[in-house]
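Structure, as structure tokens:
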Amino acid sequence: MTLIPLPIARLPELARNLWWSWHPEARDLFEELERAVLDPPHHNPLSLLQGMREGELELRAKDPEFIKRYNAVVAAFDDDMAGKTTRFASRFPHLTASPVAYFSAEFGVHSALPVYAGGLGILAGDIAKEASDLGVPLVGVGFMYPQGYFRQHVSADGRQQEIYERLDRALAPTEPACTQPGQTCVVPLQLPDRLLHVAVWVVRLGRVALYLMDTDLDANAPWDRELSARLYGGDQELRLRQEIVLGIGGVRLLRALGIAPAIWHANEGHSALMMLERVRELMEAGRTFDQAVEEVRATTVFTSHTPVPAGHDAFRFSLVEKYLKHLGAYWPDLGRTRDRLLSLATHQEPSGPGFNMTALALRLSGHRNAVSRRHGEVSRRMWRPLWPSLPETEVPIASVTNGVHVPSWVAPEFDRLYRVYLSKDWIARHDDPVLWEGVEAIPDRELWEAHRALKLRLLRFLRDRARRRWSEERSALSQVVATGTLLDPEALTLGFARRFAAYKRATLILRDPARLRALLTYSRHPVQIIFAGKAHPADEPAKQLLQQVYRAALDPAYGGRIAFVEDYDMHVAYHLVQGVDVWLNTPRPPLEASGTSGQKAALNGVPNLSVLDGWWAEGYDGTNGWAIGAPEVGPEDSEARDAADAGALYQLLETEVVPLYYERDPTGLPKPWLRLMRRAIRSVAPRFSARRMVKEYVEQLYLPAWTAASTSTGTSRARSDRQ
Ligand SMILES: *Cc1c(COP(=O)(O)O)cnc(C)c1O
């Protein structure tokens, strides 16, 4: 590490805490330093500091203007870390004593840490950042995948290629977790024929610490070192082993670090074994099986994320048993309760009864939620067999609708507008709908200019990427076009970016090529579409959908008005949600649990054009965007539904979206469109914020669990059943 001059000695500390990434003044400080470097790293202050020459830093250390800004950032950081800037958690003083342990197989916190695949991870990251902002005591438990999720290249014939790169730990915003100074934390886990060692890394998000586990240690056999290499790679057995590390290793790492959570939150079923491990611990401490189960239920929160049946992990009983037998010294005794234990996870799978992680999590958690109202209804129907005596409406799965971490996703241009026209401290109050009435005061011209600046930045971003691929990798000329170099800043631009999964129907808008072509190439009012997204490496149908989209981007008939951006990640998402004119989403209802990218778009004045599913089913109000097709849920795999939705989409574009966008007043301003942008911002920003969401988690799930934790097991039973 470069020697850091004394006046700016805390820069490395700032760079190591991702707090900087959602505080504009801190971001500006590092951007200023980036300007001193010829080829700055990709928004990564840690590698930036390591690559800077000492002279450059000395120069800043002598610049009074820079020192002033540095001091202000350090003061704000210290205030936040000391909890001086939030009042929410102080309403619940008893909560701060022991934290919520939040388990998730992925965390999307920054593009420099590629340990997420999609919405599930981004949500986990946004929750952790918001918990820091609100002062909710939370620690994250997850996985450090040294090869992360893959980087995506698309070949000239539209085939996705997966590239795995080793994460350079020295440049990632992590450090080894220590049990005491100088003593790194390593957790041992007994597998059937060998001992597995798990290393622990800590990522700092303001006041929240994420503990990420990793098996890539010299002490492990080569195949065990590979265990945590990749997110969602490998076969069933590898996946089970990963979930053992996540769930069981996760509990043990917290114990090793001396952290005693009051509440345990499993984000999706991947970490459900965490609940079994706690049953084992309690039995070891002398509880009966039933008492242990009740105690675990009272203090456990579970969030389910998908209505897609294949999205719920299920394993063969024999496989699970092979591992569980060896995991605890206490298991031989637990053996007497073997059948009851396995029955906690039993669920009817297509191939017969199996060990289902979601069923296990639902049965061992007393506080459960889905991620939108619509998803709540679907989940209650889907999991009703677990509560056969209850009517569907009383199945105890509540819902907390997802929201996005506003400081992370708002564009600097809009932050500036909001500071002027909402309030200087708008960020501190951003879940208050009244505050957002201030959006009406933003002058048309300023609102339009802010949006245009972001659109131009997006197009430049795409061109820069295309240029790099063209000169470094000799991509084909047609690919240079397919990645967006012919896009026109004046044309109405739709954005569609999400994981490629069949139910998301990326190709819906391509269904009628002639009608699409007419829309895109109408010379007076052209339309263009920017696509992005990865297909799971093992999902061949999804890869074929991606190929269809890519071929459309290559097709001269569309005149370069369809673009595909490779390697969708948080950084690409950041540019896309801010820079397009309309955010398009066409899932097949009811399979979109929530979705959050459209919330990021609306926060930046980009209206949604979406099927009424997930969050949009409650977010759409008739004035803030468009609803595609009928709201009711049809047969899931219906050709007819696809045809109807595609027809509705074309018609909306032809008769409403395009005419509205191009309606200009004599000064060139799109007045009705600007009204729509304001409606999108006002109706979405406060309600679909992570701030509103985390407050609901605290009030509806954590507080009841905290209360249950502090009462005896007997009463906690009644309480958790009332959920
Ligand atoms: C926000 C985000 C998502 C989740 O958005 P969806 O609407 O669920 O697709 C996925 N991936 C990235 C990179 C994101 O930023």
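The values are calculated or read from the model by the stated rules, or taken from the named source; none is laboratory data. Given the structure is predicted, the values throughout are model-derived calculations rather than measurements. Glycine gets a Cβ as well: all are built from the backbone with ideal geometry, and neighbour counts include every protein chain shown. These accessible areas exclude ligands, DNA and RNA; they are computed on the full protein's heavy atoms, side chains included. Shrake-Rupley method; radii C 1.70, N 1.55, O 1.52, S 1.80 Å.
Which of the residues belonging to the stretch 455-486 are on the phi > 0 side of the Ramachandran plot and among the hydroxyl-bearing types (Ser, Thr, Tyr)?
none
For Gln291, state whether it is open to solvent by 30 Å² or more (accessible area, probe 1.4 Å) and closer than 26 Å to Ala705 by Cβ. Yes, satisfied.
A quick yes/no check of all residues on (1) at pLDDT below 95; (2) touching a His at 6+ places or on another chain (Cβ under 7 Å); (3) more than 26 Å from Leu519 (Cβ to Cβ):
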position: Ser594; (1), (2), (3): no, yes, yes
position: Ser597; (1), (2), (3): no, no, no
position: Leu603; (1), (2), (3): no, no, yes
position: Asn624; (1), (2), (3): no, no, no
position: Glu654; (1), (2), (3): no, no, no
position: Leu660; (1), (2), (3): no, no, no
position: Asp665; (1), (2), (3): no, no, no
position: Pro686; (1), (2), (3): no, yes, yes
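The listed residues are Gly614, Gly622, Gly598, Gly605, and the only one of them that is more than 15 Å from the ligand (Cβ to nearest atom), crowded, with 24+ Cβ neighbours inside 10 Å and not β-branched (Val, Ile, Thr) turns out to be Gly605. Pairs meeting the criteria (first residue in the stretch 111-140 and in the same structural domain as Ala532 (by TED's automatic domain parsing), second residue more than 16 Å from the ligand (Cβ to nearest atom), beta carbons under 8 Å, at least 6 apart or on different chains) are lacking.
Remark: pairs (first residue in the stretch 560-581, on the phi > 0 side of the Ramachandran plot; second residue open to solvent by less than 10 Å² (accessible area, probe 1.4 Å); Cβ separation under 6 Å; 6+ apart in sequence or on different chains) = Asp567/Gln152. For the stretch 149-156, the condition holds for no residue, the condition being that it is more than 15 Å from the chain's Cα centre (by Cα), over 19 Å from Gly533 (Cα atoms) and either in a strand (DSSP E or B) or away from the ligand (no atom under 16 Å from the Cβ) (or both).
Scanning the stretch 567-595 for residues that are assigned to a loop (DSSP other than H, G, I, E, B) and hydrophobic (A, V, I, L, M, F, W, C), we see that the one that is nearest to the ligand (Cβ to nearest atom) is Ala593. A Cβ distance below 7 Å, combined with a sequence gap of six or more or placement on separate chains, defines the contacts here; from the stretch 479-507, residues that are open to solvent by 40 Å² or more (accessible area, probe 1.4 Å) reach residues that are within 16 Å of the ligand (Cβ to nearest atom) and of a type in the set (Lys, Arg) in the pairs Arg499/Lys534.
For residues in the stretch 142-159 being open to solvent by 10 Å² or more (accessible area, probe 1.4 Å) and modelled with pLDDT of 90 or more, which is nearest to Leu210 (Cα to Cα)? Lay out the reasoning, then the answer.
Start the filter on the stretch 142-159 by keeping residues that are open to solvent by 10 Å² or more (accessible area, probe 1.4 Å), which leaves 147, 149, 151, 153, 155-157, 159.
Within this subset, residues satisfying the condition of being modelled with pLDDT of 90 or more are 151, 153, 155-157, 159.
Working: Arg151: 23, His153: 30, Ser155: 36, Ala156: 39, Asp157: 40, Arg159: 35 Å.
My answer is Arg151.
Counting only helices (runs of 4 or more DSSP H) that sit completely within the stretch 286-390, those holding 3 or more residues that are among the hydrophobic types (A, V, I, L, M, F, W, C) and closer than 21 Å to Val245 by Cα correspond to 317-327, 357-364. Selection of the stretch 537-566 for residues being outside any helix (DSSP H, G or I), within 16 Å of the ligand (Cβ to nearest atom), open to solvent by 10 Å² or more (accessible area, probe 1.4 Å) and at pLDDT 95 or above yields only Glu566.
Please tell me if Gly533 is on the phi > 0 side of the Ramachandran plot, touching a strand residue (DSSP E or B) at 6+ places or on another chain (Cβ under 8 Å) and open to solvent by less than 10 Å² (accessible area, probe 1.4 Å).
Yes.
Among the residues making up the stretch 648-672, those that are of a type outside the set (Val, Ile, Thr), touching a residue at least 24 places away in the same chain (Cβ under 8 Å) and assigned to a helix (DSSP H, G or I) are Leu649, Tyr650, Leu652, Leu653, Glu654, Glu656, Pro659, Tyr661, Tyr662, Lys671. Highlighted here are the strands (runs of 3 or more DSSP E) found entirely within the stretch 161-246 that include at least 2 residues which are open to solvent by 10 Å² or more (accessible area, probe 1.4 Å) and over 30 Å from Glu321 (Cα atoms): 178-180. For the stretch 75-96, the criterion of being at pLDDT 90 or above, surrounded by fewer than 23 Cβ atoms within 10 Å (Cβ to Cβ) and more than 28 Å from the chain's Cα centre (by Cα) is met by at least one residue. Take Ala690 and decide whether it is in contact (Cβ under 8 Å) with a residue 60 or more places away in the chain, within 16 Å of the ligand (Cβ to nearest atom) and either within 26 Å of Ala573 (Cα to Cα) or not assigned by TED's automatic domain parsing to the domain that holds Ile122 (or both). Criteria met by Ala690. Can you tell me which residue among Ala128, Ala112, Ala117 is in contact with a strand residue (DSSP E or B) (Cβ under 6 Å, 6 or more places away or on another chain), within 16 Å of the ligand (Cβ to nearest atom) and either open to solvent by 10 Å² or more (accessible area, probe 1.4 Å) or assigned to a helix (DSSP H, G or I) (or both)? Selected residue: Ala128, the only one of Ala128, Ala112, Ala117 that is in contact with a strand residue (DSSP E or B) (Cβ under 6 Å, 6 or more places away or on another chain), within 16 Å of the ligand (Cβ to nearest atom) and either open to solvent by 10 Å² or more (accessible area, probe 1.4 Å) or assigned to a helix (DSSP H, G or I) (or both).
Listed residues Ser475, Ser471; which is part of a loop (DSSP other than H, G, I, E, B), farther than 19 Å from Ala685 by Cβ and out of contact with any Gly (no Cβ under 6 Å at 6 or more places or on another chain)?
Ser475 is the lone residue from the list that is part of a loop (DSSP other than H, G, I, E, B), farther than 19 Å from Ala685 by Cβ and out of contact with any Gly (no Cβ under 6 Å at 6 or more places or on another chain).
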